[in-house]
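Following: one structure in structure tokens, then a few remarks.
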Amino acid sequence: MGREEMRAADADREAVAERLRVALNEGRLDLAEFDERLGRAYAAKTYGDLDPLLTDLPDVAPAERQRLAVPAAGAVQGAVVVPEWPVGADGRYLDATRRWLIENWAPYLGVVGMVVAIWALQAVQSDDGIGAFWPGWVAGPWGIFLVIATMAGLANGEPQRWAAKQARKRLKAAEDGDSDE
């Protein structure tokens, strides 16, 4: 069995994802290509699936050999300024997990808060007393599903993929001249 047929480990997939993040920060990949390769990296089963994702990228130079590229005069003129999602030195989107959790949990918390408020108003206005806590039928099943989806998403790196998608949307909106998201 050759290397291409050997099963890749999670650490191998993460190493490729890290190299892709570095390539994105270096400007070697655009967001769309980064996202496509990152998805393929996390879905890879063998080294044969991972190796092609990096073949057209140079090796990372040691820090002492790295130099800043100086843009040609006027290269920045007319460039589109994109409100970027902050990216850390490791190439990962900063604050992605918190924002992803808010994006996923805010509708749940809003709806559950609203039905509990309705239940409380109903209980106050009723002559029969508090009665059954029917908002549990809304909050319970939805909450269980959301907890499972959140745990799976966190385990599979979904916040970073979501952040990359949000950054692509912002870039496309800026390219289209659209100020709204």
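All of the numbers you see were taken from the coordinates with simple rules; none came from a lab. Remember, it's a predicted structure, so these values are computed and weren't measured experimentally. Because the Cβ atoms are built from the backbone with ideal geometry, glycine has one as well, and the counts that use them run over all protein chains shown.
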Plugging the Cβ-Cβ distance of D51 and E26 into 1/(1 + (r/R0)^6) at R0 = 22 Å yields, to the nearest 0.05, a FRET efficiency of 0.65
Which aspartates and glutamates, on any chain, are close to K169 with Cα under 15 Å apart, when same-chain ones fewer than 8 places away are left out?
-> D30, E33, D35, E36, E84, D178, D180, E181
For V87, which sequence-distant residues (separation of 5 or more, or a different chain) have an amide H within less than 5 Å of its own amide H, given hydrogens modelled in the peptide plane?
-> L94
Estimated distance in nm for a label pair at N156 and R3, the labels positioned 7 Å out from Cα along Cα-to-Cβ | 2.9 nm
Mind listing the phi-derived Karplus ³J(HN,Hα) values for the stretch 110-116, rounded to whole Hz, using 6.51, -1.76 and 1.60 with θ = phi - 60°, and x for any glycine or proline?
-> x, 5, 4, x, 5, 6, 5
Please give the FRET efficiency for Y108 paired with I130, using the beta carbon to beta carbon distance and R0 = 30 Å, rounded to the nearest 0.05.
-> 0.80
When the Karplus curve 6.51 cos²θ - 1.76 cosθ + 1.60 is applied with θ = phi - 60°, which whole-Hz ³J(HN,Hα) does each residue of the stretch 94-103 get, with x for Gly and Pro?
-> 6, 6, 5, 5, 4, 5, 5, 5, 4, 4
With θ set to phi - 60°, apply the Karplus curve 6.51 cos²θ - 1.76 cosθ + 1.60 along the stretch 140-147 and write out the HN-Hα couplings as whole Hz, x wherever there is a Gly or Pro.
-> x, x, 5, x, 4, 4, 5, 4
Give the long-range amide H neighbours of T46: residues separated by 5 or more places, or on another chain, with amide H under 5 Å away, using H modelled in the peptide plane at 1.01 Å from N.
-> A8
In debye to the nearest 20, the charge dipole size for the stretch 1-48, taken about the Cα centre with +1 at each Lys and Arg Cβ and -1 at each Asp and Glu Cβ, equals 140 debye
What is the extension gain from R40 to A123, computed as 0.36 nm multiplied by their sequence separation minus the C-alpha to C-alpha distance, in nm to one decimal?
-> 24.6 nm
Straight-distance crosslink candidates among lysines, where the alpha carbon sits under 25 Å from K45 and sequence neighbours closer than 8 are dropped = K165
